[in-house]
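Worksheet: one structure, shown below.
What follows is calculated from the coordinates using simple rules that are stated; it is not laboratory data. A quick note: this is a predicted structure, and the numbers were derived from the prediction, not measured. For neighbour counting, all protein chains shown are included, and Cβ atoms are generated from backbone atoms with ideal geometry for every residue, glycine included.
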Ligand code: SF4
Ligand code: SF4
Ligand code: FES
């Protein structure tokens, strides 16, 4: 537990963490100090002055909250008339050249300037001279579009490229009302985290070419989730919406704070991975390439399993722990070997020393936990003698060419349970669509051995079963979440005295648990 101090805000005593700056310290107890240039991941720059607060009996009596640590007995003034005047004056300065066209701005609804105008200003402009015109819709690269007129020169984007990615593509050039954020000539944004500047920008000056003007943000439902784009498991917010007469679809992913996993950021590739959840989905049950009902397909699968002398089950390294438990139980039940071979998910050398991992799967540690073999040799040896392959969403086309797959599977009956279309779903004798990860709840263990849980985010018009439910329908003994969790408690001693819903929001670090037997 951090040291706490007692201080006064507008005469009311509050207890806050010692040493934190005033914005974060009193923010943690629900008191807002307006700020534009400060961001906890980038530190204090002190350039916007929006956070000036009074310190009663203080020397000096006026301080920027972003640069002032909380101290015992401090008397902070936020609602004094001279502080309100400073806030109004800063707003007036920020708005001198800012276009007042919120109804057509993509940031409306999540803009600090708009919110602060309503909370701290609400005055008519006194400007009688024409606004300075600057460049609009500038392509900065990496899908980032910049509007110089909307920029309040807080410098967050510049500091992100200097301090976080260390690529330094952005700068603020010129002085006074000629100041602008720009790229250096011929050097656009070129880093794999660039779109984070869109989230960091407190106004609508940085927008994403992928998302801009796709949706008004107040129509979006914001659900927490975990990115499945690599084994880091960055925490995300899934912004989705069901437009009239349409299905619930995802419009964007944004990073969600988890200090133990991804901090405030995510990579651009993971950010765009939502498209896989919307597009190229398997939606139709097929038996021998003809449309069929799910009940007929299950009956047909059961008959194929019954008649098989050597079935083989393949699982995806993206399956949740719950799905792996249910599928492994099915494998035991029907006496089938199980493989998690998925070398194609690993892009050696692609990862970096920040978030991006070589392993583009979300739960390889889960395969290890359940002692599911992942070797190529064993998979190929078992496949060579198998007459039936039951594939739970493992995209084998990442590991083999189409020609290799065709040859390897020429004598094998294929049951493909899949969320995405791929070559194997084309070859399948029976194809059953599965829910994608935003459509079910589950848990994963990331590359750092952190167990994280996620909830169902989307409710599709025609909901699909997830792999655990299909495994039960195919005869697996794990029929419900309670059975599965009991099994997980046996595998992960750290869970023995808790429930999944009690796992901390930042995840359970299994490395810290003496009881843990997990080797990721
Ligand atoms: S573009 Fe946005 S983040 Fe960058 S300086 Fe301008 S207002 Fe700040
Ligand atoms: S680093 Fe990995 S988990 Fe994080 S956003 Fe990128 S792909 Fe997703
Ligand atoms: S947030 Fe403190 S000066 Fe900008």
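Could you check what % of the DSSP bridge pairs in segment 4-95 are antiparallel, to the nearest 5?
Percent antiparallel among DSSP bridges in segment 4-95 is about 85.
Compute the long axis of helix 81-95 from its Cα atoms, compare it with the longest principal axis of the Cα atoms of the chain, and write down the angle in degrees, 0 to 90, nearest 10.
The answer is roughly 70 degrees.
Using a Debye calculation, one point per C-alpha and no hydration shell, please list log10 I(q)/I(0) for segment 370-520 at q = 0.10, 0.11, 0.15, 0.16 Å⁻¹ in order.
-0.46, -0.56, -0.98, -1.07
If one computes the Cα centroid of segment 355-394 and of segment 411-476, what distance in Å separates the two points?
The two parts, judged by their Cα centres, are 15 Å apart.
Using a 10 Å cut-off on Cβ atoms, rank the peptides 294-303, 253-262 from the highest mean neighbour count down.
So the peptides 294-303, 253-262, ranked by packing, come out 253-262, 294-303.
Over segment 217-278, what is the mean sequence separation of C-alpha contacts under 8 Å (at least six apart), divided by residue count, expressed as relative contact order in percent?
Worked out over segment 217-278, it gives 28 percent.
Using the Cα atoms of segment 93-146 to build a convex hull, what is its mean projected area in square nanometres?
Dividing the Cα hull surface by four gives the mean projection, 4.7 nm².
List 372, 327, 287, 96 from most exposed to least, where exposure is judged by having the fewest other Cβ atoms within 10 Å.
So the residues, fewest neighbours to most, are 96, 287, 372, 327.
Mind checking the angle between helix 481-491 and the chain's longest principal axis? C-alpha axes, 0 to 90 degrees, to the nearest 10.
For helix 481-491, the angle is close to 90 degrees.
Where does helix 376-385 land angle-wise versus the long Cα axis of the chain, in degrees 0 to 90, nearest 10?
So the helix axis and the longest Cα principal axis differ by about 30 degrees.
Semi-axes, largest first, in whole Å: what does sqrt of 5 times each Cα gyration tensor eigenvalue give for segment 4-95?
Ellipsoid semi-axes (Å, largest first): 20, 16, 11.
Counting other beta carbons within 10 Å of each residue's own, what order do 83, 23 fall into, fewest first?
Neighbour counts put them in this order, fewest first: 83, 23.
Please work out the Cα center distance from segment 50-103 to segment 221-262, rounded to the nearest Å.
The two parts, judged by their Cα centres, are 34 Å apart.
Please report the antiparallel percentage of the DSSP beta bridges confined to the chain, to the nearest 5.
Of those bridges, close to 70 percent are antiparallel.
Kirkwood hydrodynamic radius, computed over distinct alpha-carbon pairs, for the chain: how many Å, to one decimal?
It is 25.8 Å.
Going by how many other Cβ atoms sit within 10 Å of their own, how do 142, 154 line up, fewest first?
142, 154
Taking the DSSP beta bridges in segment 331-453 as the whole, what percent of them are antiparallel, to the nearest 5?
30
Mean shadow of segment 293-398, computed from the convex hull of its alpha carbons, in nm²?
It is 7.8 nm².
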